[in-house]
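Participant: Structure provided below as structure tokens; questions to follow.
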Amino acid sequence: MHIRKGSLALRTLALAASLGLLAACSNGQDSQEGDGSGEEQVTWKFAIEEIQGSVQDAYAQEFKRLVEERSQGRIKVTVYPYGALGTSADLTELVQTGSIQFAMASPGHLGSVVPEVQLFVLHYLFPEDEDQLHALLSDDQALYDTLGPAYRDRQLELLSLFTEGWMVWTANSKITQPDDFQGVKIRTMVSPLLLDAYEAYGANPTPMAYSEVYSGLQLKMIDAQVNPVFAIEEMSFYEVTGAMTLARHAPFVASVIASRAFLERLDENDREILRAAAAEAGAETFTVQREMNERRLEKIRERRPGYRIVELTDEQRARFREASLPVRERFVEMAGESGRRILETIERAVAEAS
Ligand code: 6CS
């Protein structure tokens, strides 16, 4: 069930080779002769960690639309949905090797490659106000200046950060206090700090690939999982759990990554097209995710009227917050001095915004 790191490089290479991604590439991108205008046509490959119709798909489709329009069709963007090129870890490795140009990299999965990014899996750190959160993720230069080098050191470029909505717990029964987590086998993404985050509540966290969560719940190998509402609806996790808890403990943050080697070799004009498209798609996706999460919560209520949906009170949330605080020290232990700087940057930005 765990993704075995040792096998990844080989698997990723095999994946890339079998898809022809390593062949016929110039600058890591597929190129064709063109339409007689003398201009070279190129294809940029963008892999996402979610299925078609998801929040990440909305971002990637908007990015594609903008790039193709602004390059007047000279650049084509192919979007690969979840499963087409492997797990989240596979996608990151394909970007690192330059086999594809772009991917989504959720901090919940990226933590074993870029430990600093686990900042985004800490609980009760980010602003409760979604507009403030969006401003922080899209515009805070200090955040990009501190996180950017951490990605770059691993051959990745951080293009954009955006929220996909609040993470929500779904379990066999409702969870309203840390004690309710005692012994609960909760599926988490694979970043190491997620183990600490849920052990702090007494749970038994179980890292697992996204594609295995539904059957894991159905076969009772796990008791609970955590994801935003839109994902719980599209992956049908609500069918195989009995209750949902809205604790607003952490937003789901996605990061958009590009291959560092690809970006460094890109000419100024294309780099500008890319940077603008990445930022504008992020702004558009903020509205999309909000509507999608609201609509799909209604859909879950209609489809399963007996499903228990609880929203924690401020008092209940305060108890979780208190139990979660020691995990910030674990974060600094894992992410080192640059991690400490990033944590301080966020704590300062959140304090200034409130
Ligand atoms: O839980 C996961 O693994 C996944 N959840 C979402 C909403 N997006 C991507 C991530 O891999």
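The values are calculated or read from the model by the stated rules, or taken from the named source; none is laboratory data. Since the structure is predicted, the reported quantities are computational estimates derived from the model, not experimental observations. So basically every Cβ, Gly included, is an ideal-geometry build from the backbone, and we count neighbours across all protein chains shown.
Participant: Kindly provide the set of residues from the stretch 201-220 that are among the charged types (D, E, K, R) and within 15 Å of the ligand (Cβ to nearest atom), ordered by number.
Facilitator: Within the stretch 201-220, just GLU212 meets the criteria.
Participant: Next question. Between a residue in the stretch 232-255 that is among the aromatic types (Phe, Trp, Tyr) and any residue that is crowded, with 23+ Cβ neighbours inside 10 Å and part of a loop (DSSP other than H, G, I, E, B), which pairs come within a Cβ distance under 9 Å, given they are 6 or more apart or on different chains?
Facilitator: PHE252/SER106
Participant: Restricting to the stretch 228-244, name every residue that is within 14 Å of the ligand (Cβ to nearest atom) and within 21 Å of ASP314 (Cα to Cα).
Facilitator: Listed by number, the residues that qualify are PRO228, VAL229.
Participant: Shifting gears a bit: Just to be sure, is ALA247 away from the ligand (no atom under 11 Å from the Cβ), small (Gly, Ala, Ser) and surrounded by fewer than 23 Cβ atoms within 10 Å (Cβ to Cβ)?
Facilitator: For ALA247, the condition - away from the ligand (no atom under 11 Å from the Cβ), small (Gly, Ala, Ser) and surrounded by fewer than 23 Cβ atoms within 10 Å (Cβ to Cβ) - is met.
Participant: Have a look at GLY183, GLY165 and point out the one that is more than 16 Å from the ligand (Cβ to nearest atom) and either out of contact with any Ser or Thr (no Cβ under 6 Å at 6 or more places or on another chain) or more than 23 Å from SER324 (Cβ to Cβ) (or both).
Facilitator: GLY183
Participant: Looking at the structure I just gave you, is GLN316 in a helix (DSSP H, G or I), in contact with a strand residue (DSSP E or B) (Cβ under 8 Å, 6 or more places away or on another chain) and not aliphatic (A, V, I, L, M)?
Facilitator: So GLN316 does not fit the description; no.
Participant: Mind listing just one residue for me: the one in the stretch 84-102 that is within 11 Å of the ligand (Cβ to nearest atom) and small (Gly, Ala, Ser) and, of those, surrounded by the most Cβ atoms within 10 Å (Cβ to Cβ)?
Facilitator: Per the stated criteria, the residue is SER88.
Participant: Still on this model: Take the stretch 113-142 and flag every residue that is over 21 Å from THR285 (Cα atoms) and buried (at least 18 other Cβ atoms within 10 Å of the Cβ).
Facilitator: Listed by number, the residues that qualify are VAL113, VAL114, PRO115, GLU116, GLN118, LEU119, LEU122, HIS123, TYR124, LEU125.
Participant: For the list (1) closer than 24 Å to ARG321 by Cα; (2) in a loop (DSSP other than H, G, I, E, B); (3) away from the ligand (no atom under 13 Å from the Cβ), I need the number of the one condition that TYR198 fails.
Facilitator: (2)
Participant: Can I ask one more? Take the residues of the stretch 38-56 that are surrounded by fewer than 19 Cβ atoms within 10 Å (Cβ to Cβ) and of a type outside the set (Ser, Thr, Tyr): which is modelled with the lowest pLDDT?
Facilitator: Checked the stretch 38-56; the qualifying residue modelled with the lowest pLDDT is GLY38.
Participant: So which residues in the stretch 35-70 are more than 14 Å from the chain's Cα centre (by Cα), among the β-branched types (Val, Ile, Thr) and not in a strand (DSSP E or B)?
Facilitator: VAL67, the sole residue that qualifies.
Participant: Report whether or not ARG290 is surrounded by 15 or more Cβ atoms within 10 Å (Cβ to Cβ) and within 30 Å of SER173 (Cβ to Cβ).
Facilitator: yes
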